[in-house]
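Here's the structure, in structure tokens; my notes come after.
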Amino acid sequence: MRFARVVSCVVCLAFAGATLTGCNLFGPPKDKNAPLIPAANAPIADVPLPAGFTMVTSDSTSKVIPGNKIRFVDHHYKGEDDVLPVVKFYREQMPERGWNLVDQNQAKGNEVSLHYTKNSEDCYVTINPSGFGFTYIRIRIDPMGRDAAK
């Protein structure tokens, strides 16, 4: 009788361990320098989004003026990748979509801002780490000459 309980406990522990391993709690850590890939369905057609980032809808707005197709976009995203791979992602992906890098700066702390232009638009991509293991991306698109960095 006692032997059956011990075997039962061992089987339960083995099952629990296999389940946890499948959840990757004890697996190898994610490579923080691995290249990021674009999400399949980015909300802005010509601005990529790293896979795994989700929109913070309560902070995001966008408006397109019909006829002349002027865009006013202010999107906020949240994800778990580190700042440097996200910066590298945008430096590689934006030119592939026709955007030209104007400048990059690191204004405060670890926040990095990238400024792009395309046709008659400015696009500012701001990447900001939080203290809780998340990285935030803010994408602003405005007509060229409007101070979209605000």
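We did not get these values from a lab; they are worked out from the coordinates using the rules stated. Not measured: the values here are computed from a predicted model. Note that each Cβ is placed from the backbone with ideal geometry, even for glycine, and that neighbours are counted across all protein chains shown.
Assorted remarks:
- For segment 65-118, applying the loop criterion from DSSP together with a ceiling of 13 other beta carbons within 10 Å to the GluC sites (Glu not before Pro) yields Glu80.
- Chymotrypsin sites (Phe, Trp or Tyr not before Pro) restricted to segment 46-150 and DSSP loop, no more than 15 other C-beta within 10 Å: Phe132, Phe134
- Subtracting the Cα-Cα distance of Phe72 and Ser120 from 0.36 nm times their residue separation leaves 16.1 nm of extension gain.
- Per-residue Karplus couplings for segment 36-45, computed as 6.51 cos²θ - 1.76 cosθ + 1.60 with θ equal to phi - 60°, are listed in order as 8, 10, x, 5, 5, 10, 6, x, 10, 4 Hz, Gly and Pro entered as x.
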